[in-house]
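First comes the structure, then the notes that go with it.
The values are calculated or read from the model by the stated rules, or taken from the named source; none is laboratory data. Please read all numbers here as calculations on a predicted model, not as lab measurements. Glycine gets a Cβ as well: all are built from the backbone with ideal geometry, and neighbour counts include every protein chain shown.
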Amino acid sequence: MILVLLGPPGVGKGTQGARIALHYVLPTISTGAMLREAISKGTKLGKIAEGYRIDRGEYVPDEIIVEAVDERIEEPDCLNGFLLDGFPRTIPQAKVFAGVLLKKKRRLTGVIDFYAPIDAVVKRFSGRRICSICGTTYHITSQPPKIEGICDLEGGTLITRPDDEPDVVQHRMEVYHEKTTPLRDYYRECGVLHTIDADQDPDLVFRATIELLNRLEAEETLIFEQGKWNV
Ligand code: AMP
């Protein structure tokens, strides 16, 4: 199962992605996390990414991010599928990625669009925290750690991500709407877009998502069995 998760920053797609990944035993490929890790480790990708203000929401060029994803999905853990969080973000990325999948004879199962009104999303941002050591995401009300301000896993101090600061959030929303809304239209036209109401309790969001994915998975199995996917 290959899924693209869409939704504005802060809509909860990271949390849902982690739960979907656990449920179907699939890796989540988050290009934002990939870039942050590459920068902190000083890898080749990190050195390139450093040339862009990703802490201010500036996009890394399409060809760089597509190449990084292309390499990542060749790893053995992606054999049965994977989730993409934060990629594709633009129509050019989506088109090149479609070509990458075709080349690898793989099929995009679906695009899940987590939708919530902007004001609900901005409210969530103000409470989002990450572990300063391992990057695990929390929310002070909807997903609090066991001990306030401390990561359950690493014991690290929880901090606000620099790009969650209000002025940066505003900018990221503008960038998201400018560049990613057309992507939703593109995937809708391709007939692979599925919208999930993300402005509700995370457990209900998850339940709705799993119902959808079980249906998509069954349809996909049928497509493969009937030999209708034979690129
Ligand atoms: P995220 O954690 O998904 O919000 O990503 C953090 C930042 O990394 C974004 O604001 C961009 O600057 C950069 N980034 C992540 N994914 C992509 C992508 N697919 N294309 C270009 N830039 C990206």
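Quick look at the numbers
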| read-out | value |
| --- | --- |
| Failed condition for residue 131, given (1) touching a Lys or Arg at 6+ places or on another chain (Cβ under 8 Å); (2) away from the ligand (no atom under 12 Å from the Cβ) | (1) |
| Residue that is nearest to the ligand (Cβ to nearest atom) [pool: residues in the stretch 7-32 that are closer than 19 Å to residue 178 by Cα and in contact with a Lys or Arg (Cβ under 6 Å, 6 or more places away or on another chain)] | 9 |
| Conditions (1) more than 17 Å from the chain's Cα centre (by Cα); (2) near the ligand (Cβ under 8 Å from one of its atoms); number of the one not met by residue 60 | (1) |
| Residue ranges of strands (runs of 3 or more DSSP E) in the stretch 71-189 with at least 1 members in contact with a Cys (Cβ under 7 Å, 6 or more places away or on another chain) and under 30 Å from residue 1 (Cβ atoms) | 128-131 |
| Of all residues in the stretch 56-70 being without any contact (Cβ under 8 Å) to a residue 40 or more places away in the chain and assigned to a helix (DSSP H, G or I), the one that is surrounded by the fewest Cβ atoms within 10 Å (Cβ to Cβ) | 63 |
| Hits in the stretch 19-39 (condition: out of contact with any Leu (no Cβ under 9 Å at 6 or more places or on another chain) and over 21 Å from residue 63 (Cα atoms)) | 19, 22, 25 |
| Selection status of residue 30, at pLDDT below 95 and buried (at least 17 other Cβ atoms within 10 Å of the Cβ) | yes |
| Any chance residue 35 is within 10 Å of the ligand (Cβ to nearest atom) and surrounded by 18 or more Cβ atoms within 10 Å (Cβ to Cβ) | yes |
